[in-house]
1. Of everything in the stretch 1-22, what is closer than 22 Å to V99 by Cα, surrounded by fewer than 20 Cβ atoms within 10 Å (Cβ to Cβ) and out of contact with any Ser or Thr (no Cβ under 7 Å at 6 or more places or on another chain)? Give them in sequence order.
2. Is at least one residue of the stretch 67-76 on the phi > 0 side of the Ramachandran plot and either touching a residue at least 24 places away in the same chain (Cβ under 8 Å) or surrounded by fewer than 24 Cβ atoms within 10 Å (Cβ to Cβ) (or both)?
3. Condition first: without any contact (Cβ under 8 Å) to a residue 40 or more places away in the chain and polar (S, T, N, Q). Now tell me which residues in the stretch 77-125 satisfy that.
4. Given (1) farther than 15 Å from E24 by Cα; (2) of a type outside the set (V, I, T); (3) surrounded by 19 or more Cβ atoms within 10 Å (Cβ to Cβ), identify the lone condition not met by G144.
5. Kindly indicate the residue of the stretch 96-123 that is touching a strand residue (DSSP E or B) at 6+ places or on another chain (Cβ under 9 Å) and of a type in the set (V, I, T) and also surrounded by the fewest Cβ atoms within 10 Å (Cβ to Cβ) among those meeting that condition.
6. Considering every residue within the stretch 133-141, establish whether at least one is over 25 Å from K52 (Cβ atoms) and either buried (at least 19 other Cβ atoms within 10 Å of the Cβ) or not polar (S, T, N, Q) (or both).
7. What residue, among those in the stretch 157-168 that are under 26 Å from E101 (Cα atoms) and out of contact with any helix residue (DSSP H, G or I) (no Cβ under 6 Å at 6 or more places or on another chain), is surrounded by the most Cβ atoms within 10 Å (Cβ to Cβ)?
8. Inspect the stretch 39-46 for any residue being buried (at least 20 other Cβ atoms within 10 Å of the Cβ), at pLDDT 95 or above, farther than 21 Å from P116 by Cα and more than 16 Å from the chain's Cα centre (by Cα) and give the result as yes or no.
Amino acid sequence: MQSVEGKRIAALVGDGFEESELTEPRRALEEAGAIVTIVGIDEKSRQKIRGKRGLDEGQTAKAEELVADVTAEDFDALLIPGGTSPDHIRTNKDVQRLVREFDAVKKPMFVICHGPQVLISAQIVRGRQLTGVAAIADDIRNAGGLYRDQPVVQDGNWVTSRTPDDLPQFNRAIVEKLAMAIPAPVV
């Protein structure tokens, strides 16, 4: 297995992200040597992106980059945590563009919980196998996706997962997928 050392991951985050679905994959990726960059949707996100922990308020994050300013070329993979963040960012045209760019070049996309809502809005789920929180199973099916009720589902460049309960399996799978992806360019 190749290394993930130096590979760059864009974490696409909006208000209402589920704290553990950002912090735990980020920790797993960084411990393996990857660099995770928080990508927000607007200037306000450079100051504060509100997280949640279940129904409670969670930690905040700050965007290091804005989605309008980045492309799939800038990163080796994309992480989309769940919570209510995906519903807040899914209609943003730059979010949809970025997700379609990652998918078009087959770079890894790591998506958990409500995250598939972003894939649905980007209109890329038809014919793909994926999972997510049970509450969006019908949305996935209605968009032409093949919903699987499993802790982790891999389909091509996608790694999807259901809930924070599945984070140990998800984190293992995303580090493995990133390690098998094309090596990061030497700078």
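1. Across the stretch 1-22, the qualifying residue is only G6.
2. Looking for residues that are on the phi > 0 side of the Ramachandran plot and either touching a residue at least 24 places away in the same chain (Cβ under 8 Å) or surrounded by fewer than 24 Cβ atoms within 10 Å (Cβ to Cβ) (or both), one finds none in the stretch 67-76, hence no.
3. Matches in the stretch 77-125: T91, Q96, Q117, S121, Q123.
4. Looking at each condition in turn, G144 falls short on (3).
5. V99
6. Step one: filter the stretch 133-141 for residues over 25 Å from K52 (Cβ atoms), giving 141.
Retained after the next criterion (residues that are either buried (at least 19 other Cβ atoms within 10 Å of the Cβ) or not polar (S, T, N, Q) (or both)): 141.
Looking for residues that are over 25 Å from K52 (Cβ atoms) and either buried (at least 19 other Cβ atoms within 10 Å of the Cβ) or not polar (S, T, N, Q) (or both), one finds at least one in the stretch 133-141, hence yes.
7. T160
8. Yes, some residue in the stretch 39-46 is buried (at least 20 other Cβ atoms within 10 Å of the Cβ), at pLDDT 95 or above, farther than 21 Å from P116 by Cα and more than 16 Å from the chain's Cα centre (by Cα).
The values are calculated or read from the model by the stated rules, or taken from the named source; none is laboratory data. As the structure is a prediction and not an experimental result, all values here were calculated from the model. FYI the Cβ positions are ideal-geometry reconstructions off the backbone, even for glycines, and counts take in every protein chain you see.
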